[in-house]
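*Asks:* Got a structure here, written out as C-alpha cells. Questions coming.
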Amino acid sequence: MTWLDALIMGLVQGLTEFLPVSSSAHLRIVGELTGITDPGAGFTAIIQIGTEAAVLIVFWKDIARILSKWFRALPIGPKENRVPATDPDVRMGWMIIVGSLPIGILGLLLEDWIDTTFRNLWVSVFTLAFFAALLGLADRWAPRTRTLERMTWKDAVLYGFAQAMALIPGVSRSGGTITMGRALGYTREAAARYSFLLAMPAVFASGLYKVAKVFTGGEHVDVAPTIGATLVAFLVGWIVIVWFLRLVSTQSYSVFVWYRLAIAAVLAILLTSGILEATSHAMVS
C-alpha cells in the first residue's frame with residue numbers, strides 16, 4: 001500500500017465512520033474502484049482507532065465524568081466517597097460495558113468470517129439496502145421521546161447486538177445502533193450520542209487486538225502508511241462528529257437512507273457488469 005492509498009482510505013474512514021452508511025463497506029468499495037488492493041480487516045480495525053480517538057476528544061467531559069463516577073461506585077475505598085450505584089453516570093458506565101459484550105464475543109468467534117466471507121461485496125449490497133430500510137422505518141414511525149437517562153438493561157443488550165451486526169460490512173456500526181435506538185423510541189440526538197459512546201470499547205479493543213497481531217506476526221499491515229491513515233481518520237472524524245450531531249438535532253436520517261439505497265444500487269450494477277469483483281484477490285489468496 002502506498003502513502004496515497006493509505007491517506008485516501010483514512011479520509012474515507014473519517015468521513016463515513018460516524019455516519020450511518022458503513023465505513024467498512026466504503027473502504028472496500030473505494031479500494032476496488034481506485035485499484036487499491038483490499039487492505040484487509042486488520043488495516044480497517046487499526047485506522048478505526050483514529051476515529052474513536054476523535055470521539056474521546058469530543059465527548060471528553062462526558063467520558064471523564066462517567067469513568068470517575070463508575071470507579072467511585074465500586075466497593076473499594078472509603079464508603080463516604082462512594083457514588084451510589086443508582087447514579088445515572090454509573091448506570092451508563094455499566095450499560096456501555098454490557099452493550100459492548102456482544103460485539104466482543106461475536107468478533108472473536110467470527111473472526112475468520114469477518115476477515116473473508118463477510119467482505120464479499122454482494123453481502124454489502126444486501127446489508128446497505130436492508131438496513132437502509134430498517135433505519136428509514138424506525139426513524140419515521142418510532143416515537144422520539146426517550147433520553148439516555150431512561151435507558152434500561154434490556155435496551156443496553158439490544159443496542160449491543162445491533163452494534164455487533166456491524167461486523168458485517170454494509171451494516172454500519174452507527175447505523176445499527178442508531179436504528180435500534182430509534183426503534184426503542186430514543187430521540188435522534190440520544191441515539192447518536194449513545195452510539196458513539198458504545199463504539200469506543202469495541203473499536204479500541206479490536207484495533208489494539210489487530211496491532212498486537214501485527215507485532216506478533218499474525219497480521220500484516222504496512223505500518224507507516226497505516227499510521228498516516230489513522231491520523232487522517234482522526235482529524236476528519238473529529239469534524240464529522242461535530243457536524244453530524246448538529247445535523248440530527250434538526251433533521252431526520254432520511255438523507256442517509258436514500259444514500260445507502262443509491263450506493264447499494266450502484267454497487268450491484270458495478271458487480272453485475274463485471275467492473276468490480278465481489279471478492280478481492282487479498283481475500284482469496
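Just so it is clear, none of the values below were taken in a lab; they were calculated from the coordinates. Bear in mind the structure is a predicted one, so any value in this text is a computation, not a measurement. A quick note on method: Cβ atoms are made from the backbone with ideal geometry, for glycine too, and the neighbour counts reach across all protein chains shown.
*Asks:* List the lysines whose alpha-carbon lies under 20 Å from that of Lys69, not counting same-chain residues fewer than 8 positions away?
*Replies:* Qualifying lysines at Cα under 20 Å: Lys61, Lys79.
*Asks:* Label-point separation (nm) for Ile239 and Ser254, each offset 7 Å from Cα along Cα-to-Cβ?
*Replies:* Roughly 2.8 nm, to one decimal.
*Asks:* Separate question: Once the Cα gyration tensor of region 3-284 is diagonalised, what are the square roots of 5 times its eigenvalues, in whole Å and ordered largest first, as equivalent ellipsoid semi-axes?
*Replies:* Equivalent ellipsoid semi-axes, largest first: 31, 23, 16 Å.
*Asks:* Let me ask another. Give the Rg (one decimal place) followed by the Dmax (whole number) of region 1-149, computed from C-alpha coordinates and expressed in Å.
*Replies:* Gyration radius and largest Cα-Cα distance of region 1-149: 19.5, 62 Å.
*Asks:* Another question about this same structure. For Val236, Val30, what's the fewest-to-most ordering of other Cβ within 10 Å of each Cβ?
*Replies:* In order of increasing Cβ crowding within 10 Å: Val30, Val236.
*Asks:* Which of Val171, Val255, Val214 ends up with the largest GNM mean-square fluctuation for the chain, with Cα atoms connected below 10 Å?
*Replies:* Ranking Val171, Val255, Val214 by mean-square fluctuation puts Val255 first.
*Asks:* For a quick check, take a GNM of the chain with Cα springs below 10 Å and name the residue from Ala264, Ala162, Ala212 with the largest mean-square fluctuation.
*Replies:* Among Ala264, Ala162, Ala212, the largest mean-square fluctuation in the Gaussian network model of the chain belongs to Ala212.
*Asks:* From the alpha carbon gyration tensor of region 134-240, can you work out the equivalent ellipsoid semi-axes (sqrt of 5 times each eigenvalue) and give them in Å, largest to smallest?
*Replies:* 31, 15, 12
*Asks:* Using just the helices of the chain, give the 222 nm mean residue ellipticity in deg cm²/dmol: DSSP H runs with n ≥ 4 each add -39,500 (n - 2.57), and the total is spread over all residues, rounded to 500.
*Replies:* -24000 deg cm²/dmol
*Asks:* Under a point-charge model restricted to the Cβ atoms of Lys and Arg (+1) and Asp and Glu (-1), what is the dipole moment magnitude of the chain relative to its Cα centre, in debye to the nearest 20?
*Replies:* Using Cβ point charges on Lys, Arg, Asp and Glu, the chain gives about 1140 debye.
*Asks:* What number, in percent, do you get for the relative contact order of the chain if the mean sequence gap of Cα pairs under 8 Å and at least 6 apart is divided by its residue count?
*Replies:* Result for the chain is 37 percent.
*Asks:* Most fluctuating residue of Ala268, Ala54, Ala25 in a GNM of the chain with Cα springs under 10 Å: which is it?
*Replies:* Ala268
*Asks:* Using unit Cβ charges (K, R positive; D, E negative) and no other charged atoms, how large, in debye to the nearest 20, is the dipole of region 1-118 about its Cα centre?
*Replies:* Using Cβ point charges on Lys, Arg, Asp and Glu, region 1-118 gives about 760 debye.
*Asks:* Which of Ala199, Ala264, Val214 sits farthest toward the positive end of the charge dipole of the chain, with +1 on the Cβ of Lys and Arg and -1 on the Cβ of Asp and Glu?
*Replies:* Ala199
*Asks:* So how strong a dipole does region 113-159 carry about its Cα centre when Lys and Arg Cβ are +1 and Asp and Glu Cβ are -1, to the nearest 20 debye?
*Replies:* Roughly 180 debye, rounded to the nearest 20.
*Asks:* To the nearest 10 degrees, how steeply does helix 40-58 sit against the main Cα axis of the chain, on a 0 to 90 scale?
*Replies:* That helix lies at roughly 40 degrees to the long axis.
*Asks:* For region 117-181, which trypsin sites (Lys or Arg not before Pro) are in a loop by DSSP, counting at most 15 other Cβ atoms within 10 Å?
*Replies:* Sparse-neighbourhood loop trypsin sites (Lys or Arg not before Pro): Arg144.
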